[in-house]
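**Q** Mind having a look at this structure? Questions to follow.
Bear in mind that the values in this text are calculations on the coordinates, not laboratory data. Just so it is clear, the model here is predicted, and its values are computed rather than measured. When we count neighbours, we look across all protein chains shown, and the Cβ atoms used for this are built from the backbone with ideal geometry, even at glycine.
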Amino acid sequence: METSKPARRRDTEDRRREGLESKVEGFNERGRKAVRDRKLHDSISLFTNKTLTGRNAQLGAHPDAPELRERAYRTKQETMANLDYYLSQMADAIEERGGNVFFADDGEDVVRYVGDLARRCGAKILAKSKSMATEEIELNHRLEEDYADLGLEIVETDLGEWIAQLAGETPSHIVGPILHMNKERITEILSGVSDEDLPPDVESLAAFARKRLREKFLNADIGITGANFGVAETGTICTVTNEGNARLVTSVPPVHVVVMGIEKVIPKFEDLSTFVQLLSRSGTGQKITVYTNFITGPRGEGELDGAEEFHLILMDNGRSKLLGTEYEEALYCIRCGSCLNVCPVYRQTGGHAYGSTYSGPIGAVITPLLKGDKEAKDLPYASSLCGACTETCPVGIPLHDLLLKLRNRQVEEGMAGRAESLMFKGFERTMKSPVAYKAGAKVGRLMQKPFAKDGSIEGAPGIRGWTDFRELAPLAEKSFRELWKEGI
Ligand code: SF4
């Protein structure tokens with residue numbers, strides 16, 4: 001049935017409200033719903049299979065791969081051990097070139113800095129390129145609310161991010177923000193903001209987006225970007241994109257603001273050769289992405305382009321408390337998205353089920369670390385612990401080990417359910433005592449009888465959630481010792 005445009009807009013508003021109110025809590029409920037969504041699975045498979053094929057061709061079998069990965073890991077390790085030094089080196093380099101640097105403790109600080117800057121500049125249109133750091137702190141939404149009197153129009157200019165913004169949704173993947181949408185849904189969203197119904201073909205949709213976004217680039221007062229990497233020795237911000245929108249965002253508006261997580265700093269310019277290669281090969285399966293931009297402060301004398309005013313915001317937002325802990329390796333992430341693509345859980349549920357900016361294995365690790373175990377308590381369990389994430393990670397983060405550590409931490413904090421704790425305590429005692437073990441086996445054989453069907457246990461209370469999807473063999477009628485005694 002045709003949906004009228006006002007109805008489409010209402011739908012968009014509802015989704016927007018839902019998206020903004022989403023919480024990390026409730027992964028299990030959202031995940032259950034998502035696994036039944038066939039369209040979602042088709043869209044996820046299309047993107048992840050293509051990306052993984054490319055990744056495997058460029059990195060998997062590449063003779064340089066182990067060395068690149070090792071070098072990246074060591075560089076990150078060394079950087080985190082001296083993070084304060086490298087951040088202040090980077091800040092000095094940028095200030096020497098006439099840029100401004102601000103250290104933000106949290107999202108509030110970032111919002112206040114950007115909002116006050118917009119007020120001072122009399123800004124109306126803020127054009128953004130893709131930035132997970134700003135998604136993490138809901139910068140757009142918070143600016144619109146806290147600085148409502150300025151009437152700011154904040155426009156995402158990455159095509160996927162723009163479509164997600166129009167639909168009132170959050171990105172569902174670090175690299176492919178709208179991989180969960182099919183062409184029909186995208187046509188519907190773009191037609192909803194067009195004067196006419198657009199045809200569902202990629203060229204027409206892209207041409208429409210290009211025309212609309214060009215108007216925003218040309219009229220933007222402030223450009224906001226993230227940073228894939230920040231180089232300490234030169235103060236260079238490196239952004240890696242395929243659409244060229246970051247170039248326009250950083251060179252057309254008179255003011256450029258970079259919001260960068262403090263963990264994105266790397267020591268030397270030459271380190272970029274390691275990280276840019278790993279990011280493009282792992283993230284999109286390309287040897288190198290189409291646009292690799294290097295920006296070092298505001299436009300210099302005699303330079304033809306670049307913003308007149310440059311601001312770098314170095315955002316902590318919970319990162320520094322991980323330094324020197326057993327979770328520090330989570331800060332090595334370069335947001336390539338490869339662990340999402342290989343994860344059997346992500347591939348079934350998609351990113352929105354996680355309810356957080358970061359999804360997949362890295363989301364399941366970093367979200368409880370940044371937001372707290374309580375709100376994200378389901379996420380460390382959103383893993384089969386198969387280790388595919390660790391194997392694919394280009395910087396060697398032991399993701400499945402970190403997930404296990406987070407599960408342990410929840411148990412130590414007393415967050416496990418009472419029934420589960422009692423069950424494991426009982427199991428421990430039984431396994432430690434031969435008498436209890438023998439008695440337990442006897443009781444178990446009796447209790448399993450109503451649930452043992454066709455060689456497996458089905459529907460037993462307490463473990464039904466597990467056995468609904470897996471085979472559990474019943475206890476044998478006689479133990480090995482009993483058979484041994486009988487001489488069989
Ligand atoms: S954890 Fe590793 S694989 Fe996952 S997004 Fe980060 S760098 Fe990529």
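**Q** Considering the convex hull of the alpha carbon atoms of the stretch 421-485, report its projected area averaged over all viewing directions, in nm², one decimal. Don't jump to the answer; show the numbers that get you there.
**A** Values: hull surface 20.2 nm².
Taking the Cα atoms of the stretch 421-485, their convex hull projects to 5.1 nm² on average.
**Q** Right, here's the next one. Which order, highest average first, do 429-436, 265-272 follow once you tally other Cβ atoms within 10 Å for each residue and take the mean per peptide?
**A** Top to bottom by mean Cβ count within 10 Å: 265-272, 429-436.
**Q** On to the next question. Projecting each Cα onto the charge dipole of the stretch 5-320 (Lys/Arg +1, Asp/Glu -1 at the beta carbon, about the Cα centre), which of Ala207, Asn219, Leu143 comes out farthest on the positive side?
**A** It is Ala207, whose Cα lies furthest towards the positive end.
**Q** For Thr234, what charge total do you get from the other residues with a beta carbon under 14 Å from its beta carbon, if Lys and Arg give +1 and Asp and Glu give -1?
**A** Values: positive: Arg97, Lys268; negative: Asp92, Glu95, Glu96, Glu233, Glu270, Asp271.
Here the charged neighbours net out to -4.
**Q** What order, most packed first, do the peptides 53-65, 415-427 have when packing is the mean number of other Cβ atoms within 10 Å of each residue?
**A** Working: 53-65: 15.4, 415-427: 11.4.
Top to bottom by mean Cβ count within 10 Å: 53-65, 415-427.
**Q** Using the Karplus equation 6.51 cos²θ - 1.76 cosθ + 1.60 (θ = phi - 60°), what ³J(HN,Hα) coupling, rounded to whole Hz, does each residue of the stretch 258-263 give in order, writing x for Gly and Pro?
**A** 10, 10, 10, x, 5, 7
**Q** Report the full-extension gain for the segment Ser320 to Asp468: residue separation times 0.36 nm, less the Cα-Cα distance, to one decimal in nm. Before the final figure, lay out the partial values.
**A** Details: separation 148, 0.36 × 148 = 53.28 nm, distance 4.15 nm.
49.1 nm is the gain from fully extending Ser320 to Asp468.
**Q** Which order do the peptides 282-290, 316-324, 476-484 come out in when sorted by mean C-beta neighbours inside 10 angstrom, highest first? The partial results should precede the final answer.
**A** On the way: 282-290: 19.1, 316-324: 15.8, 476-484: 11.4.
Order by mean packing, descending: 282-290, 316-324, 476-484.
**Q** Also, I was wondering about something else. Could you tell me how many degrees, from 0 to 90 and to the nearest 10, lie between the Cα long axis of helix 38-55 and the main elongation axis, the longest principal axis, of the Cα atoms of the chain?
**A** Computed tilt is about 70 degrees.
**Q** Then there's this: For the stretch 88-177, what relative contact order do you get, as a whole percent, if you take Cα pairs closer than 8 Å and at least 6 residues apart? Before the final figure, lay out each step's value.
**A** Working: 64 pairs, mean separation 21.4, N = 90.
This gives 24 percent for the stretch 88-177.
**Q** Pairing the Cα long axis of helix 183-192 with the longest principal axis of the chain, what angle in degrees results, from 0 to 90 and rounded to the nearest 10?
**A** Between the helix axis and the principal axis of the chain, the angle is about 40 degrees.
**Q** Just to verify a number: FRET efficiency for Ser384 and Leu446, C-beta to C-beta distance, R0 = 30 Å, to 0.05? Mind dumping the intermediate values first?
**A** Numbers: r = 32 Å, r/R0 = 1.06.
Efficiency at R0 = 30 Å is approximately 0.40.
**Q** Take Glu108 and Asn219, extend 7 Å from each Cα along the Cα→Cβ direction, and tell me the distance between the two endpoints in nm.
**A** Each label point is offset 7 Å from its Cα along the Cβ direction, giving 3.5 nm.
**Q** Let me check against my output: what whole-number percent is the relative contact order of the chain, with C-alpha pairs under 8 Å and at least 6 apart?
**A** 20
**Q** At 222 nm, what value in deg cm²/dmol follows for the chain if DSSP H runs of at least 4 each add -39500 (n - 2.57) and the sum is divided by all its residues, to the nearest 500?
**A** On the way: 22 runs with 240 residues, N = 488.
Calculated mean residue ellipticity at 222 nm is -15000 deg cm²/dmol.
**Q** Using a simple charge model, +1 on the beta-carbon of Lys and Arg, -1 on the beta-carbon of Asp and Glu, nothing else, what dipole does the chain show about its Cα centre, in debye to the nearest 20?
**A** Details: 65 positive and 74 negative charges, 505 e Å.
The dipole of the chain has a size of about 2420 debye.
**Q** May I pose another question? Just the isolated ones, please: cysteines in the chain lacking another cysteine beta carbon under 4.7 angstrom.
**A** That list is Cys121, Cys238, Cys333, Cys336, Cys343, Cys386, Cys393.
**Q** Net charge near Ala220, counting Lys/Arg +1 and Asp/Glu -1 over other residues with Cβ under 10 Å of its Cβ? Walk me through the numbers on the way to the answer.
**A** Working: positive: Lys124, Lys128, Lys216; negative: Glu153, Glu215, Asp221.
That works out to 0.
**Q** Please report the spacing between the Cα centers of the stretch 148-182 and the stretch 384-416 in Å, no decimals.
**A** 30
**Q** Taking every DSSP beta bridge with both residues inside the chain, roughly what % is antiparallel (nearest 5)?
**A** Numbers: 9 of 34 bridges.
DSSP beta bridges in the chain are roughly 25 percent antiparallel.
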